[in-house]
Amino acid sequence: MSVAWSYCVLDAAGAVVDECDADRVQSTASVGKVFLLCEAAELIVSGQLDPGRLLTREPGLQVAGSGLWQHLWQQQLPVADVCQLIGAVSDNWATNTLLDLIGIDAVRMRARMLGCECSELHDYVRDDRRPEHPPTLSEGTARELAEVARRIHAGAAGVLVGGITPTAALMVERWLLVGVDLSLVAAPLQLDPLAHLSDDPMVWSKTGFDHEVRADIGVAWGGERSLAYAAIATWPVDLEPSANPVDLMHSLGRSIAERLANGAGH
């Protein structure tokens, strides 16, 4: 059985540059954490959440896998640092701690405000998903998620977009800009994953990995050109993928790099 492969690339105005099966709803693993960051940023901007408020990592919220907080001595971190851990390393313990504070309903509402009908964060990160839990951490369509990425980048540049204020968008983009996982769509740009804040082109990327999922959303830009993208590859959990999903991601990344080099995406 073939990999279920979908992607969407948008220019700065939101016009479709390239797409494939972009309305297919698929599991997106950690990509849905972007909605949590957007809601946290809006709460900070509105004054409802103090970025310096200390959050305690509770043992019941700890999850294995991605993240640095599980390796740190510090038991408490301010909200802003918790958000930064999520943006930088997709920190699972930080995600669950922040989600426990904000609530899943508010995060789902933020996804709707960002124009999503099918894309959302469903649940906490869990080591084991039982029948009473949502079957996947998050899901979405490439079209909706590419538009979310575009709105974050446009808002960060001061453009008024739906679902997120410019100040909050800038905050989210700064959290995501230091993300260290550039292994999927962004890989062909050959940036240093630990120091890429002054490169040309620049990129931020939020990836999602699970046993049968590879997902990536982000924005790549250089000069006045920008391209927002989302790409999702899924396959049945009990079958090996017939195509290498990472190769598919890299192929899309090369296409985006070529379009930027050729001036596409104004």
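The values are calculated or read from the model by the stated rules, or taken from the named source; none is laboratory data. All values reported here derive from a predicted model rather than from experimental measurement. Ideal geometry is used to build each Cβ from the backbone, glycine not excepted, and the neighbour counts take in all protein chains shown.
Here are a few things to note about the model shown:
- Yes/no for VAL63 being modelled with pLDDT under 95, closer than 21 Å to HIS250 by Cα and touching a helix residue (DSSP H, G or I) at 6+ places or on another chain (Cβ under 8 Å): no
- Residues considered: VAL213, VAL148. Of these, the only one that is within 21 Å of TYR7 (Cα to Cα), of a type in the set (Val, Ile, Thr) and touching a helix residue (DSSP H, G or I) at 6+ places or on another chain (Cβ under 6 Å) is VAL213.
- Any hit, region 126-149, residues being touching a Pro at 6+ places or on another chain (Cβ under 7 Å), farther than 16 Å from VAL31 by Cβ and not charged (D, E, K, R): no
- Candidates THR28, THR95, filtered to the one that is farther than 30 Å from SER255 by Cβ and modelled with pLDDT of 95 or more: THR95
- If the condition is being surrounded by fewer than 19 Cβ atoms within 10 Å (Cβ to Cβ) and modelled with pLDDT of 90 or more, then region 213-254 contributes ARG225, VAL246, ASP247, HIS250, SER251, ARG254.
- Unmet criterion (only one of (1) under 23 Å from GLY67 (Cβ atoms); (2) in contact with a Ser or Thr (Cβ under 8 Å, 6 or more places away or on another chain); (3) of a type in the set (Val, Ile, Thr); (4) not in a loop (DSSP other than H, G, I, E, B)) for VAL172: (2)
- Within region 38-66, being under 23 Å from ASP128 (Cα atoms), among the β-branched types (Val, Ile, Thr) and touching a residue at least 60 places away in the same chain (Cβ under 8 Å) holds for one residue alone: VAL63.
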